[in-house]
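The values are calculated or read from the model by the stated rules, or taken from the named source; none is laboratory data. Just so it is clear, the structure is predicted and the values come from calculations on it, not from any experiment. Virtual Cβ from ideal backbone geometry, glycine too; neighbours counted across all protein chains shown. Quick note on the areas: whole protein, heavy atoms, side chains included, nothing else; ligands and nucleic acids left out. Shrake-Rupley method; radii C 1.70, N 1.55, O 1.52, S 1.80 Å.
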Amino acid sequence: MKRILIVEDDPVIAEVQKDYLEASGFAVDAAESGDEGLRMALEGRYDLILLDLMLPGTDGYEICRRVRGA
């Protein structure tokens, strides 16, 4: 099963995305802050990361740079 990480600080948006993806057969994890999302992205093995750019803590641009450099 493909795994997806959603990093989104708006819980309504994250829940809608998660519901649609799970209904389509994906395993989905979600993080509400940049710091949590970065930690999960670096520790987990995800096939796709849906990343908000404006996040509390570490912003989406920095998460992208750190994940690509890992």
Problem set entry | Low-density loop positions, chymotrypsin sites (Phe, Trp or Tyr not before Pro), the chain - DSSP coil, at most 15 other Cβ in 10 Å | F26
Problem set entry | Apportionment of accessible area to carbon and sulfur, the chain, percent (1.4 Å) | 52 percent
Seminar exercise, completed: Helix 60-69: inclination vs the chain longest Cα principal axis, degrees, rounded to 10, gives 80 degrees
For this session: Scan the chain and report its longest stretch carrying no trypsin sites (Lys or Arg not before Pro) that are both in a DSSP loop and have at most 13 other Cβ atoms within 10 Å.
Result: 3-44
Exercise. Which residue, L55, L38, L21, has the most motion in a Gaussian network model of the chain that connects Cα atoms within less than 10 Å?
Worked result: L21
Exercise. Highest GNM mean-square fluctuation, the chain, Cα pairs closer than 10 Å: which of G25, G60, G44?
Worked result: G25
